[in-house]
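For reference, the structure discussed in these notes is given below.
The values are calculated or read from the model by the stated rules, or taken from the named source; none is laboratory data. What you see is a predicted model, and the numbers here were worked out from it, not measured in a lab. Positions of Cβ are backbone-derived with ideal geometry, glycine not excepted, and every protein chain shown enters the neighbour counts.
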Amino acid sequence: MRNRIGFDAFLPPDKPTTTFTIDEASGSGLTELLIHHSYHRAKKWRENPPTYHIEVKVTTGDLESSFSLKPAILELVGHATQML
């Protein structure tokens with residue numbers, strides 16, 4: 001499908017990836033948004049801004065619906081959490 005509109009075929013990555021990657025060093029403002037919404041731990045990130053990896057999951061149900069994550073994504077989350 002991708003090549004029909006001029007893009008190369010999708011090749012799955014070798015390592016786990018996330019839906020969105022936001023490099024805060026480029027000035028996205030996400031750290032300030034977190035601080036503004038009372039996530040005060042982010043204040044210490046101002047001088048050395050992180051790269052945010054945001055995983056989006058979709059369900060057909062409500063907010064209480066279950067979803068699944070691959071073990072590799074859980075490892076990625078665990079590694080990032082240790083760095084906080």
When region 35-76 is examined, which residues are found to be within 18 Å of THR19 (Cβ to Cβ), aliphatic (A, V, I, L, M) and in a helix (DSSP H, G or I)? ALA72, ILE73, LEU74, LEU76
Examine region 4-20 for a residue that is within 18 Å of the chain's Cα centre (by Cα), outside any loop (DSSP other than H, G, I, E, B) and at pLDDT 80 or above, and state whether such a residue exists. yes
Of the numbered conditions (1) modelled with pLDDT under 80; (2) among the hydroxyl-bearing types (Ser, Thr, Tyr); (3) surrounded by 10 or more Cβ atoms within 10 Å (Cβ to Cβ), THR81 satisfies every one except a single condition; which is it? (3)
Restricting region 36-65 to residues that are touching a residue at least 12 places away in the same chain (Cβ under 8 Å) and more than 19 Å from VAL77 (Cβ to Cβ), the one surrounded by the most Cβ atoms within 10 Å (Cβ to Cβ) turns out to be PRO49
Before we move on, is SER38 polar (S, T, N, Q), modelled with pLDDT of 85 or more and out of contact with any strand residue (DSSP E or B) (no Cβ under 9 Å at 6 or more places or on another chain)? yes
